[in-house]
1. Could you list, in sequence order, the residues of region 405-449 that are among the acidic types (Asp, Glu) and under 17 Å from ASP334 (Cα atoms)?
2. I'm trying to understand the selection: among the residues of region 317-362, which are outside any helix (DSSP H, G or I), open to solvent by less than 60 Å² (accessible area, probe 1.4 Å) and closer than 13 Å to GLU394 by Cα?
3. With respect to GLU610, is the statement that it is of a type in the set (Asp, Glu), in a helix (DSSP H, G or I) and either loosely packed, with under 13 Cβ neighbours inside 10 Å or out of contact with any helix residue (DSSP H, G or I) (no Cβ under 8 Å at 6 or more places or on another chain) (or both) true?
4. Under 7 Å between Cβ atoms, at least 6 apart or on separate chains: pull out the pairs that start in region 601-612 with a residue that is free of Cβ contacts under 8 Å to residues at least 40 places away in the same chain and end on any residue that is surrounded by 13 or more Cβ atoms within 10 Å (Cβ to Cβ).
5. Name every residue in region 404-432 that is under 35 Å from the mean Cα position of the chain (by Cα), over 14 Å from ASN363 (Cβ atoms) and of a type in the set (S, T, N, Q), in order of residue number.
6. Can you pull out every residue in region 504-540 that is touching a Phe, Trp or Tyr at 6+ places or on another chain (Cβ under 9 Å), among the β-branched types (Val, Ile, Thr) and part of a loop (DSSP other than H, G, I, E, B)?
7. Out of GLU203, GLU196, report the one residue that is open to solvent by 10 Å² or more (accessible area, probe 1.4 Å), of a type in the set (Asp, Glu) and touching a helix residue (DSSP H, G or I) at 6+ places or on another chain (Cβ under 8 Å).
8. When only residues in region 251-295 that are among the β-branched types (Val, Ile, Thr) and within 19 Å of the chain's Cα centre (by Cα) count, which is surrounded by the most Cβ atoms within 10 Å (Cβ to Cβ)?
Amino acid sequence: MRHEIILEISELSVTKMLDHYKPYFYILFILEALYKPILNIYGSYFPENLLCILNFLWYSFVIFYFVIFIILFWECTQSILILKRMSDPKRNGTVIRDINKTFMKKSIRERMTIRSIDLLNYDIRYLREAIIEDNNPRVLQSIYNDLIVQIFDSYISNRKKEINIIIEKKKIVKNQVGWVNNAQIECILLKEILNENYFTINEELKKYICTLHLNLVKLLMIRASLDGRKHINKELYLQELSVFDKNNILLDCRDWKELTISIFRNSNVEIGKQLINSLYKGYRSAEIMFQEYCNQCILDLIRMNIDEIFSKNKSQNEFAQIFGELIRKKEFNDYYANIICDKLISYNDFDAVGIVRLLNKENCTYIFSYLIIHYSIYKFRFDWKHINVAVMKELWDNHGNMNENAEKVIKEIKESNSGHRFSESMYYKLIEYIQKPLTGSLLNSTYAEDIVNMFYVTIIKLCVLEQSYNDYENKANDDTQIYFINELSNHNELIQHDKVKEMVLNMQYRYFTKLEQIPQKLNISLKNLLLTNINITLEFLSVEPRYAYYNSIGEYALIKLPETKEGNIIPKELIRKAYITKNISIGGYIDFLDKECHLCGCDLNYVQKEKMKEYLLNVI
């Protein structure tokens, strides 16, 4: 726009000068070009007095030409000085603001004959053309932003006046007759502006649009209420909308909600936080439909961002910066807790510590209890594949009083997907198990009652509450210990926890290493055999194992070979077949066994590994 001003000034000056002096230039040119040749040819025919007069006139014209030249020079100098003054940013800004005021006055005059919504469209399109002609958005961006703000502020001010006329005078002005169509045009226009179809959008303008679109939505809600609408359509589909909106009381806000979400997606942390704060203010407003709209947008944005976090497309830290203050409010923390709870079940190996910290004490108690009870209820159908100790510990560290929160927790679990299989006794038993010390007696009673899964309770007490296992007074039953080992072998993430290793060593020393044969209920696998550390004896090998377990026993026999007192009791064929089935090199096979031993807390030393290699070379 600065270039446009400069061009207008220079063009005006030059045009005025040319129009004023054009005839004189023609005369001077003809006289100067033709006088001397004519005088040389026909000078003898003229009287001497006439020649003197003609020469006088010729010299007069020369002097007059020189004067005109001086005038032109002066005018050009003035134009240059004007251009230099226009290059001053402060003066330039003043002139541009004057032009903007003229532009806006013109818009006000046009409102007498043009609808406000049409005028808004015209203004934005004219501005786009001016920006293209300027071709200097980087320098003039703030100027454009000021004009855009003036255009929309003027439009909103006019909208408010139109609505007030309806409220106070019961009169509908022309622009408010097609208010539904006007709202669609506004939404489309803002979407196009946000997509930079008209001009470049910087962060300053995004902040304004973030506030602007909610102001337009609020005005739309007020206008809709005057037309008999009472609620927004929320999540209804078109066919449902026709059923539920027989009396035409629902306002369809899907396009506006898409715009709100689009603004959030295309914003940085600062603007995202501004949008969430504005939506919360709207949620607390007295306007029912606007309150519903803001609430729905908040819930959708929370769910959308949680989905992105668990799909690893958004950081937990960024989410906490934007939503942290809002989610700590009770009305949204409960909704947030239900989403988090479902996600922790679906993505049980996800490191969700950052977002769990936003839960209040009551909801930490609820989710902590629900996870244990849910997996206990559905143990017959699926396992708790990955027990995320860090997440469970975060929940426990921030939980409230389980007895005081009992009513809320029980209510929430009953309303959950597991509610039809849940009974209050499960929750109170869980409290009882957690409060008791971890002993063999507790394991026996928990396993026998089978109300809350014994293994899950034990792991929570070991890894989360960091209690130590003690069975010196009351020893755990054989079946209970075997069940614990069977379950533990499915959880690599738990085996190396210090408290778990202590408990496993205790069970080895007091029960498993005293056995001479594999317990009937023990699931035979290399990991289970390593965790129990059963000695290789004739009784151990007396029963021909099933084919499915043959390789595991052969691998375990090779590991225990250096410790076996009578080396010849182990059939070479057992070890040879286990190795051949693996189909890898001897070095790779030893490395595989070494990793399994390390995981189960019984590392192989260099001598053991060399003896195992030597034995394999001899039996192959």
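1. GLU407, GLU412, GLU415
2. Within region 317-362, ALA352, LEU358, LEU359, ASN360 qualify.
3. Yes, satisfied.
4. Close Cβ pairs satisfying both conditions: ASP603/CYS597; LYS609/ILE590; LYS609/ASP594.
5. Selection gives ASN417, SER418.
6. Matches in region 504-540: ILE518, ILE524, ILE534, ILE536.
7. Values: GLU196 fails: touching a helix residue (DSSP H, G or I) at 6+ places or on another chain (Cβ under 8 Å).
Result of the check over GLU203, GLU196: GLU203.
8. The initial filter retains those residues of region 251-295 that are among the β-branched types (Val, Ile, Thr), namely 260-261, 263, 269, 271, 276, 288.
So of that shortlist, the ones also within 19 Å of the chain's Cα centre (by Cα) come out as 260-261, 263, 269, 271, 276.
Numbers: THR260: 24, ILE261: 15, ILE263: 21, VAL269: 12, ILE271: 18, ILE276: 22.
If we take residues in region 251-295 being among the β-branched types (Val, Ile, Thr) and within 19 Å of the chain's Cα centre (by Cα), then THR260 is surrounded by the most Cβ atoms within 10 Å (Cβ to Cβ).
The values are calculated or read from the model by the stated rules, or taken from the named source; none is laboratory data. What you see is a predicted model, and the numbers here were worked out from it, not measured in a lab. Note that we place each Cβ from the backbone using ideal geometry, even for glycine, and neighbour counts take in every protein chain shown. Quick note on the areas: whole protein, heavy atoms, side chains included, nothing else; ligands and nucleic acids left out. Shrake-Rupley method; radii C 1.70, N 1.55, O 1.52, S 1.80 Å.
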